[in-house]
Amino acid sequence: MPGYVPHTPEDQRGMLDRIGIAAMDELFAQIPGNLRLAALLDLPHGLSEAESVRHLEGIARTNLDCGRGACFRGAGVYRHFTPSVVPAIMARGEFLTSYTPYQPERSQGMLQTIYEFQSLVCRLLGMDAANASMYDGATALAEAVVMASSITGRKRVLIPASLHPAYYDVCRTFVQGHGICLETVPQTNGLTDIDDTRKRCGNDVAAVVVPQPNYFGMIEDASGLASVAHENGALAIAVVNPMSMALLPPPGEWKADIAVAEGQALGLPMNFGGPLVGLFTCRKEFVRQMPGRIVGGTVDSEGKRAYTLTLQTREQHIRREKASSNICSNEALCALGVTIYLSQLGKIGLRRVAEVSVQRAHEAFEAIRTVPGFEPLFDGPFFHEFPMRCPVPVAEINTKLAERGIIGPQDLGADYPELGNAGVFCCTEMISHEDIAALVATLKEIR
Amino acid sequence: MFDEPTIFERSRPGRCGINLPEADGAALETLLPGVALRENLPLPEVSEIDVVRHFTRLSQTNFGIDLGMYPLGSCTMKYNPRLHERVAALPGFADLHPTQSASTCQGALRLLYELQGYLAEIAGMDAVTLQPVAGAHGEMTGLLLIRAYMRHRGETARTQILVPDSAHGTNPATASLVGFEIVKIPSNARGRVDVDAVRAAVGERTAGMMMTNPNTLGLFEDQIAEIAGIVHDAGGLMYGDGANMNAIVGVARPGDMGFDAMHFNLHKTFTTPHGGGGPGSGPVAVKAPLEPFLPAPRVQRLDDGTYDWDAGRPESIGRMHAFNGNFGVLVRAYTYIRTLGPDGLKAVAQNSVLNANYLRVGVGEKYQIAYPEPCMHEFVASATEQKKTTGVRTLDIGKRLMDYGYHPMTVYFPLIVPEAMMIEPTETETRETLDEFVAAMHAIAAEDPELVKSAPHTMPVKRVDEVRAARVLDIAWEG
């Protein structure tokens, strides 16, 4: 018997007898004969487990993984350190192999971790309510835009040019069916111009999106942008780097109505960009418009504390075409990873990781600007990413760095041709002083 | 069983669960001049052992496939090979940055390219996008493709999507989110889509029809070719919900049935552990006319044998995901397909259908079967008799199953069967497990109704008050 099917031929014969069917092929009698495949699929033959491991290891080896050298790439996905506890707990079969906790009595463990996830995310972003996670930061933003439009009954949304370009693309795809119009607010010196935003914002605007820090790594006047939204009866949607929340004022403090984030930085591998995990929060009064699953505390029939999925009447399995969103599978296991990470690092640890990331980034910034031809693209404070104008095409720099096992800066070229030849460098606490020295040495050679 | 407090209640000021890197650079006030710094970060302060014990204890109150059978109909909760976890965690996969240049991630691109081809073959389609990260995300992708196709042809009046009354809730929700109007199609007495109703519903406003085949009653829509013909003749396209692919993988192909687009649920058919509700992955396969509209970018193989992202896709619906989809899940699905091969995949469908029919016969001795004929990979039983004679409802039977060591089946779905119990064993359960499950179902049928109605009796908590949770909203710890 190939694969993971336990039956012996005797099992199969006995079971067919019990059903009253003569042969395996008769199991498919419902399928009209002309719709049944006459031959096996045209796929490579099966492999033993050992052969599979060898084959996949072979493929994996042809990639330059970020563990071989240093990773100076951020742009929405970050290489922070993952404590050993995180994957160890995530791999526990009771969590790993469970389904969505629709049956609370048998799923209290997962339900409580989701409740704690929601609580931690609310605290990190300074918001009232969080859901059990979304696909990623970009789709979380797209859902936020749809939610803001449905709350305000308005169809225009202002998006800063300093927002992650892929986030803009995902939003644009997502809102096609809603008649929502996305309007870009240009950047000046790497920041969103508040006066320009005010000029564009009118009483037909549903929301102003506020990235913090923005795609360039620069720290925006988030509070000022949120005020512009509120002056016009629009909502402010924050898109934040969750790691920066250890140091910067959270969206709740600057009165954001909805705040979303990509949670990958909090203890998850980069995974070539997925699975990621979208964090989604809002103010209390909007909780019934919030998409996605929500876990609530309650009691059991004897009055004992218990947890369960709640407000399910917003969801697709109950509400069908009137649901607030179609999301079904979210990223629960990744949310568990974030929950463990935030618990283990806690107040002291998260601050330190953010602080060291900022320190390394500024050290790298100062070192790179000493290399002839490299100069800051903007001035102003940045968190742990910064854009530099480069003397040779960024692609060439990255090729050269890759030869040393180093992943270089994110190229701004294709998305921001008006900025010329520039790349965004990123540092996390995983970057050592030696890594920075090696980077600079290579950049000097290129020059 | 123990009561585990929240992680916040374990917190003690000054504790930290990890050895930290030295902050050996300049002060933050110097590095971030003029930036207001956050004062209060209200996260827990616990030690590493606190974290390990807390989450290990919580795990012990949770059910997973590793603990026992999970007969959730339409969810395809089969065994998850540990091999997949091993390969997905390889540094060459897990430690890749999504925007690395193509020359530094040839292996990843090759894997994606080959997987696209495998899934196209399994679907009987021409092209595949791997970007959607969940089944519902795939549905949205598919309907956006249909919308783009219709617009491209100037057929903007096609605003209706036909959805059977037995459909998953995601189908109407997705159609609505993409801006379509839903036309509900009733099922006939055979539990299949009513062909005459389809004929009466189609017209110049039809953009397409969403169908799950086999459907959520566990029955193959044997008139699928005729239905597809009706929809196509009316100018619409057929969308396939791949949630039930486990029943037919390697045996029949949606593309051959007349579907123009479909999504896979890789986490179901191709065994990624569901992790308490994700991550999943929902690649979409399409026929050639829809290919130009697929999400950008796509992996392509160049003439020199290397792989790259394609640059221009002018007709594309755009991006569905910030990066490359749920790559980690794609690695697992790829591994599964390579490990099983074509005969292994066919055996999956055969044995999942065998197991479902074996259970149908056993369970059917004490419960009603909604449509008493051989089923595909799942079947729907009903507790209407039990409810009438003893007051025991489907919900109670599900709760009582927990005491016997099983997760409850899918209850009250599909909506068209009263007191529905949708049961799907999958191919990875042994005959002995199936026998034990049937014995448990029979035992419950014979039990004191009061015992069943007050179940579960052996769980960490008794029957949970779900109404109160919605009325007195407590969704974040405030203590």
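The values are calculated or read from the model by the stated rules, or taken from the named source; none is laboratory data. Because the structure is predicted, anything quoted here is derived from the model rather than measured. Note that we place each Cβ from the backbone using ideal geometry, even for glycine, and neighbour counts take in every protein chain shown. With ligands, DNA and RNA removed, areas are computed over all heavy atoms of the protein, side chains included. Shrake-Rupley method; radii C 1.70, N 1.55, O 1.52, S 1.80 Å.
Binning the C-alpha pair distances of chain B at 10 Å intervals from 0 yields a P(r) profile of 4, 17, 24, 24, 19, 9, 3, 0 %, listed from the shortest bin outward.
Relative contact order of the stretch A:377-447: what whole-number percent is it, with Cα pairs under 8 angstrom and at least 6 residues apart? Computed over the stretch A:377-447, the figure is 36 percent.
Size descriptors for the stretch B:161-233: radius of gyration and Dmax over Cα atoms are 11.4, 32 Å.
Gaussian network model of chain A, Cα springs within a sub-10 Å range: biggest mean-square fluctuation belongs to which of A:P44, A:P160, A:P104? So, out of A:P44, A:P160, A:P104, the one fluctuating most is A:P44. When the Gaussian network model of chain A links Cα atoms closer than 10 Å, the mean-square fluctuations of A:H45, A:H80, A:H178 top out at A:H45. For the stretch A:152-243, dividing the convex hull volume of the Cα atoms by the residue count gives 87 Å³ per residue.
Computed over the Cα atoms of the stretch B:203-277, pair by distinct pair, the Kirkwood hydrodynamic radius stands at 13.1 angstrom. The three principal axes of the C-alpha atoms in the stretch B:1-142 carry coordinate ranges of 59, 50, 30 Å, sorted with the longest axis first. Where only DSSP H runs of four or more residues are counted, chain B gives -11000 deg cm²/dmol as its mean residue ellipticity at 222 nm, each run worth -39500 (n - 2.57). If the elastic network links every pair of Cα atoms under 10 Å, which of A:S48, A:S107, A:S133 fluctuates the most in the Gaussian network model of chain A? Taking springs between Cα atoms under 10 Å, the residue moving most is A:S48. Our note on the geometry: Cα centres of the stretch B:125-144 and the stretch B:16-71, 34 Å apart.
Beta bridges assigned by DSSP with both partners in chain A are antiparallel in approximately 55 percent of cases.
The Rg/Rh ratio of the stretch B:297-438, with both radii computed over alpha carbons and Rh defined as the Kirkwood radius, is 1.17.
Relative contact order of the stretch B:63-216: 18 percent, from C-alpha pairs under 8 Å at least 6 residues apart in sequence. Between B:W309 and A:K155, the simple spin-label model (points 7 angstrom out along Cα→Cβ) gives 3.2 nm. Between rounded, prolate and oblate, where does the stretch A:163-297 land on the alpha carbon gyration tensor, with a ≥ b ≥ c its root eigenvalues, rounded for a/c under 1.5, else prolate if a/b exceeds b/c? Cα axes put the stretch A:163-297 in the rounded bin.
Work out the mean other chain Cβ neighbour count within 10 Å for the residues of A:123-129 and drop it here as an integer. Averaged over the peptide's residues, the number is 3. Relative to its residue count, the stretch A:83-180 spans a Cα convex hull of 167 Å³ per residue. Within chain B, what's the longest run with no trypsin sites (Lys or Arg not before Pro) in a DSSP loop and at most 15 other beta-carbon atoms within 10 Å? Give the range, please. Here the longest segment lacking exposed loop sites spans B:191-479. Computed from the Kirkwood radius of its Cα pairs, the Stokes-Einstein diffusion coefficient for the stretch A:70-122 at 10 °C and 1.306 mPa s stands at 117 µm²/s.
Take the accessible area of chain B alone and of chain A alone, subtract that of the pair, and you get about 16600 Å² summed over both chains, using a 1.4 Å probe. Counting every C-alpha pair in the stretch A:129-192, the share spaced more than 12 angstrom apart comes to 69%. For the residues of A:116-122, the average number of beta carbons from a partner chain within 10 Å of their own beta carbon is 5.
Panel note: contact residues of the stretch A:236-265 (accessible area lowered by at least 50 Å² against the chain on its own; 1.4 Å probe) correspond to A:L247. Counting only protein chain heavy atoms and rolling a 1.4 Å probe, the accessible areas of B:D95, B:D308 rank, largest first, as B:D308, B:D95. Computed over chain A, the Cα gyration tensor eigenvalues convert (square root of 5λ each) into semi-axes of 41, 31, 22 Å, ordered from largest to smallest. Nearest 10 degrees is fine. How inclined is helix A:222-231 to the longest principal axis of chain A, computing both from alpha carbons? That works out to roughly 80 degrees. For the stretch A:321-381, the share of alpha carbon pairs falling in successive 5 Å distance bins from zero is 4, 13, 12, 12, 11, 10, 11, 12, 8, 4, 2, 1 percent. The residues of chain A expose, per residue, 31 Å² of accessible area to a 1.4 Å probe. In terms of its Cα atoms, the protein assembly as shown spans 81, 63, 59 Å along the principal axes, sorted from long to short.
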